[in-house]
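The values are calculated or read from the model by the stated rules, or taken from the named source; none is laboratory data. Values in this document were obtained by computation on a predicted structure and should not be read as measured data. No Cβ is skipped: glycine too gets one built from the backbone with ideal geometry, and neighbour counts run over all protein chains shown. Keep in mind that these areas ignore ligands, DNA and RNA; they rest on the heavy atoms of the full protein, side chains included. Shrake-Rupley method; radii C 1.70, N 1.55, O 1.52, S 1.80 Å.
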Amino acid sequence: MNAIEIRNVCVRYGPMEALCGISLEIASGDYVAVIGPNGSGKTTLFKAMLNLLPVTEGSILLYGHDSKRFRDWQKVGYVPQVSRDLHKVFPATVREIVASGLLAAKRFPRMIFSKDMDNVCKAMGLMEIENLADRLIGELSGGQQQRVFLARAMVNDPEVLLLDEPTAAVDPNTRERFYQIVKDLNQKNGKTVVLI
Ligand code: ADP
Ligand code: MG
């Protein structure tokens with residue numbers, strides 16, 4: 001089964017063509033890296049996969065369903081590209097950020113119940129950030145923040161993880177540890193991983 005199938009896709013920003021003629025198949029269980037220079041359209045490709053941007057040509061299938069009509073967003077974990085100082089004054093704790101990932105799997109009225117918090121604890125445990133639960137996101141190092149966002153992406157136990165330059169802002173040791181965690185998610189937990 002293909003997790004993701006991209007068929008001859010083009011994406012435009014107004015008159016500017018950011019991507020064109022992109023085709024790609026990612027099978028369940030794959031670990032795939034997307035590489036290319038700055039501005040080559042990698043983030044745009046992820047946003048198109050997530051139906052955050054419309055494709056102007058072609059189609060994208062997620063688990064066999066057109067992304068425009070896809071409903072199972074809890075199957076997809078996304079860690080957006082972050083800038084180092086984006087969250088400095090953002091008034092949310094680590095626990096709240098991780099819990100916000102639960103909303104992808106919820107329909108109206110999108111409430112978080114106490115049993116949901118078990119999944120939040122589990123995701124924080126997986127990323128070894130339980131001790132940071134009550135800290136504000138902006139107080140943490142880049143590497144700690146990345147673990148928080150990976151925990152947020154993992155909270156619904158997704159089948160595929162889309163990671164946009166997850167370690168761009170962290171030191172080499174943290175980077176190595178982070179990739180070890182992602183490798184385990186792929187090899188031991190069978191998660192499909194697509195990494196920029
Ligand atoms: P990458 O992630 O590979 O660095 P992006 O997908 O972010 O590249 O950007 C691809 C191209 O699209 C770049 O030329 C960028 O300037 C442009 N672009 C990205 N986002 C927008 C936007 N919201 N509006 C207009 N142009 C954009
Ligand atoms: Mg990018």
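A few comments on the model shown:
- Counting heavy atoms of the protein chains alone, residue 155 has an accessible area of about 10 Å² for a 1.4 Å probe.
- Note on the chain: helix-only mean residue ellipticity at 222 nm, from DSSP H runs of 4+ residues weighted -39500 (n - 2.57) and normalised by residue number, equals -8500 deg cm²/dmol.
- Residues residue 176 and residue 113, FRET efficiency given R0 of 41 Å [Cβ-Cβ distance, rounded to 0.05]: 0.65
- Whichever lysines have a C-alpha closer than 28 Å to that of residue 188, once near sequence neighbours (fewer than 8 apart) are set aside: 42, 47, 75, 106, 115, 122
- In a fully extended conformation the segment linking residue 8 and residue 68 would gain 20.0 nm over its present Cα-Cα distance, using 0.36 nm per residue.
- Using a Gaussian network model of the chain in which every pair of alpha carbons under 10 angstrom is joined by a spring, one finds that among 39, 21, 142 the greatest mean-square fluctuation is at 39.
- Candidates per trypsin sites (Lys or Arg not before Pro) in region 124-189, loop by DSSP, up to 14 other Cβ within 10 Å: 188
- Model label zone, residue 81; criterion: amide N under 11 Å from point 7 Å along Cα-to-beta-carbon; scope region 10-42: 36-42
- Region 1-92 shape via C-alpha gyration tensor axes, a/c threshold 1.5: oblate
- Here the chain carries DSSP beta bridges of which approximately 60% are antiparallel, counting only pairs with both residues inside.
- GNM result for the chain, Cα springs below 10 Å: residue of 22, 181, 97 fluctuating most strongly: 22
- Lacking any other cysteine beta-carbon closer than 4.7 Å, the following Cys residues of the chain have no compatible partner: 121.
- For the chain: rounded, prolate or oblate by the Cα gyration tensor [a/c cutoff 1.5]: prolate
- Ranked from largest to smallest solvent-accessible area, with a 1.4 Å probe on the protein heavy atoms, 72, 157 come out as 157, 72.
- Cα gyration tensor category, rounded, prolate or oblate, for region 106-196 with a/c compared to 1.5: oblate
- Computed lengthening from residue 103 to residue 30, 0.36 nm per intervening residue step minus Cα-Cα distance: 23.7 nm
- A 1.4 Å probe run over the chain, with the rest of the protein chains in place, finds 53 Å² accessible per residue.
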